[in-house]
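K.L.:
Supplied in structure tokens, the structure appears directly below.
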Amino acid sequence: MNHEVLVKTIITASSIVTYFVALAVVNSVVSRFGAKRKFLEKRVIYIKKTFALLLFSILFLAVILIWGIDIKGILIFASSFFAIVGIAFFASWSVLSNITSGVIIFFSFTHKIGDQIRIIDGENTITGEIVDMTLFYIQVKDADHYVTTYPNNLAIQKPITLLKKHS
């Protein structure tokens, strides 16, 4: 094995180790934050998966750069792929907006599952108990036991009144 390949192998191995260390740290921080706020494990898992995908993307790009893989071919493929994805997201832009809002809600939302809330949205005002919170939506069950799915991107834009805190 020549010297250059050995150096690239060592740097790649170091990058992989760094990825797993960073993933462990992020998972630990998110778990502690979720436990401190008493979030359901399901919500914590959503956020962990989002950060794991982001860190893996960074690792993938790092390995490509380390090994000097011809980025031209990859860029052509990626630009074609992202053009298709961009068109799909343009058609349903709220998907990305809801995921981003879901992460924001995870870290800054003061309400949790079981709380009684009122989302003030003009004629579409919703009052009830939060029964689920995901990366895409908040589900609120009203007094008649109907469950309304409310998009996260709207939830961070509308005033929400806490009526009763879950114990």
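The values are calculated or read from the model by the stated rules, or taken from the named source; none is laboratory data. These figures come from a predicted structure and were not determined experimentally. Because the Cβ atoms are built from the backbone with ideal geometry, glycine has one as well, and the counts that use them run over all protein chains shown.
K.L.:
When you go through ILE64, ILE58 one by one, which is the residue that is in the same structural domain as ALA35 (by TED's automatic domain parsing), over 19 Å from the mean Cα position of the chain (by Cα) and part of a helix (DSSP H, G or I)?
P.N.:
Only one candidate passes the filter, namely ILE64.
K.L.:
So how many residues does the range 48-89 have that are among the basic types (Lys, Arg) and closer than 15 Å to PHE20 by Cα?
P.N.:
The total comes to 2.
K.L.:
Taking the range 138-167, which residues are among the hydroxyl-bearing types (Ser, Thr, Tyr) and at pLDDT below 90?
P.N.:
Selection gives SER167 alone.
K.L.:
Checking the condition more than 16 Å from the chain's Cα centre (by Cα), under 24 Å from ILE99 (Cα atoms), not charged (D, E, K, R) and not in a loop (DSSP other than H, G, I, E, B), which residue from ALA52, ALA35 passes?
P.N.:
Testing whether each residue is more than 16 Å from the chain's Cα centre (by Cα), under 24 Å from ILE99 (Cα atoms), not charged (D, E, K, R) and not in a loop (DSSP other than H, G, I, E, B) leaves just ALA35.
K.L.:
Look through ILE47, ILE99, ILE16, ILE58 and report the one residue that is in contact with a helix residue (DSSP H, G or I) (Cβ under 9 Å, 6 or more places away or on another chain), farther than 30 Å from ILE156 by Cβ and among the β-branched types (Val, Ile, Thr).
P.N.:
ILE16
K.L.:
While we're on this one: Specify which of the listed residues (ASP144, ASP132) is within 17 Å of the chain's Cα centre (by Cα) and of a type in the set (Asp, Glu). Let's see the steps before the verdict.
P.N.:
Details: ASP144 fails: within 17 Å of the chain's Cα centre (by Cα).
The unique qualifying residue is ASP132.
K.L.:
Quick one: in the range 23-56, which of the residues that are in contact with a Phe, Trp or Tyr (Cβ under 9 Å, 6 or more places away or on another chain) and aromatic (Phe, Trp, Tyr) is farthest from PHE107 (Cα to Cα)?
P.N.:
The residue in question is PHE56.
K.L.:
If you check THR127, THR134, THR50, THR110, which single one turns out to be at pLDDT below 85 and among the β-branched types (Val, Ile, Thr)?
P.N.:
Matching residue, one of THR127, THR134, THR50, THR110: THR110.
K.L.:
Need at least 2 residues that are hydrophobic (A, V, I, L, M, F, W, C) per element, so show me which strands (runs of 3 or more DSSP E) inside the range 75-167 make the cut, counting only ones lying wholly within it.
P.N.:
116-119, 126-133, 137-141, 160-164
K.L.:
Does LYS42 satisfy the criteria of being basic (Lys, Arg) and over 16 Å from the mean Cα position of the chain (by Cα)?
P.N.:
no
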